[in-house]
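Quick notes on the structure that follows.
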Amino acid sequence: MSIETLKARIPDYAKDLKLNLGSLAGETLLTTQQLAGTFLVSALASRNPLVIEAIAAEFGPTLSPEALAAAKAAAAIMGMNNVYYRFTHEVGGDYASLPARLRMNVIGKPGVDKVDFELWSLAVSAINGCGMCMAAHEKTVRGHGLSTEQVQAAVRIAAVVHAVAVTIEGDEALQVEAAAQAA
């Protein structure tokens, strides 16, 4: 499985996604590790097995074992943090002043450059829609020297990978429904 295989699964009505996926795979604003990790965390956050398989096959081999582990850790920890911090931010009240009491050790020692881990955390946070986490991670990566364009590139990757996952899943569901109605 590869990006090309994944692109072939995208229905014609979503041709823009196919084109965006292809162009973003060659994005030059990010380092190879940042690019590969952003694609991988975005696929993991999308939760679509086909997308995860294709992205992992395409970009996994370009990551060191440490970077691969860190990317998976970013997707995992942000899956938890995005829910928790979105709640505290949206509900307000006393919740924001309470200690989270959730283990987040990997954020302090991710096994890769802090800026890469934070960029991957930002991509997952964008997919999961946690404004508080997006703002915090964007501030951190900008403080580590990433440009607005580099941040935008990572979020564009997250947006497209997520849209591809949603489109493929939706299209498959429609095909199942059509087959059931035809039977």
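What follows draws every value from the coordinates through simple rules; no lab data is involved. Only a predicted model underlies this, so the values are computations on that prediction, with no experimental measurement involved. Methodologically, a virtual Cβ is constructed for each residue, glycine included, from the backbone with ideal geometry; neighbour enumeration extends over all protein chains shown.
This structure gives P(r) over Cα pairs in 10 Å bins from 0, in percent, computed directly, and of (1) 10, 38, 37, 14, 1; (2) 10, 36, 32, 16, 5, 1; (3) 9, 37, 40, 13, 0 that value is listed as (2). Local charge for Leu119 was computed over the other residues whose Cβ lies under 14 Å away, with Lys and Arg +1 and Asp and Glu -1, and equals -2. Compactness ratio for the stretch 88-183: Cα radius of gyration over 2.2 N^0.38 Å (N = residue count) comes to 1.48. Ile10 sits among other residues whose Cβ lies under 14 Å from its own Cβ, and their net charge, with Lys and Arg +1 and Asp and Glu -1, is -2. Please compare each pair in Lys72/Lys139; Lys18/Lys72; Lys18/Lys109; Lys7/Lys72 to a cut-off of 27 Å on the Cα-Cα distance and tell me which ones are over it. The answer is Lys18/Lys109. Computed over the chain, the per-residue total of -39500 (n - 2.57) for DSSP H runs of n ≥ 4 gives a 222 nm mean residue ellipticity of -25000 deg cm²/dmol, rounded to 500.
Inter-label distance, Thr62 to Ala182: 3.8 nm, where each label sits 7 Å from its Cα along the C-beta direction.
Each Cα pair under 8 Å and six or more residues apart adds its separation to the average, and for the stretch 3-182 the resulting relative contact order is 32 percent.
Computed from phi, the 3J(HN,Hα) profile of the stretch 15-24 under the Karplus parametrisation 6.51, -1.76, 1.60 (θ = phi - 60°) reads 4, 4, 5, 4, 5, 5, 4, x, 6, 5 Hz, with x in place of Gly and Pro. Of the peptides 103-111, 54-62, the order by per-residue mean of other Cβ atoms within 10 Å, starting with the highest, comes out as 54-62, 103-111. In the stretch 128-149, which residues have a backbone nitrogen under 20 Å from the label point lying 7 Å from Ala96's Cα in the Cα-to-Cβ direction? Within reach of a label on Ala96: 129-140.
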